[in-house]
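Please read the structure below before turning to the comments.
The values are calculated or read from the model by the stated rules, or taken from the named source; none is laboratory data. Computed from a predicted structure; not experimentally measured. Methodologically, a virtual Cβ is constructed for each residue, glycine included, from the backbone with ideal geometry; neighbour enumeration extends over all protein chains shown.
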């Protein structure tokens, strides 16, 4: 992954890439439910590190749940690979929260920016069309601890 591609990733995606990059290749494939190309040595590593993989799987799933499309794909893989469908965790209903955007907007508001200025800055950082002045006003209203007005 290039530096430019890394800069384009947003919070959860970046966290996922960093999380996986810090793990050995065999563990990455186990977490991603890709057992297709396991060598004998990798299979032994997996067997000898079941407890560690189990612990890391919870962290991996926590990160994935913040990326709805990736979470859905992961759950589909689990359903295909799982003998016991009851072990597949339920998907989280609804749209992901924008609390990170609200915190960023609140920081800009505390710095003295008005809604149009905050909108321009956030759209510049996160891509055109990320938010509008009215959407920011409502977002900060929904996240009361974040706003300074």
>> So, restricting to helices (runs of 4 or more DSSP H) that lie completely within region 1-96, which ones have at least 1 residues that are at pLDDT 85 or above and more than 30 Å from residue 123 (Cα to Cα)?
In response: 25-31, 40-48, 50-64, 68-81
>> Looking at region 38-64, I want the residues that are in the same structural domain as residue 17 (by TED's automatic domain parsing) and have a partner that is in a helix (DSSP H, G or I) and modelled with pLDDT under 85 with Cβ atoms under 6 Å, at least 6 apart or on another chain. Which pairs are those?
In response: 46/30; 53/30
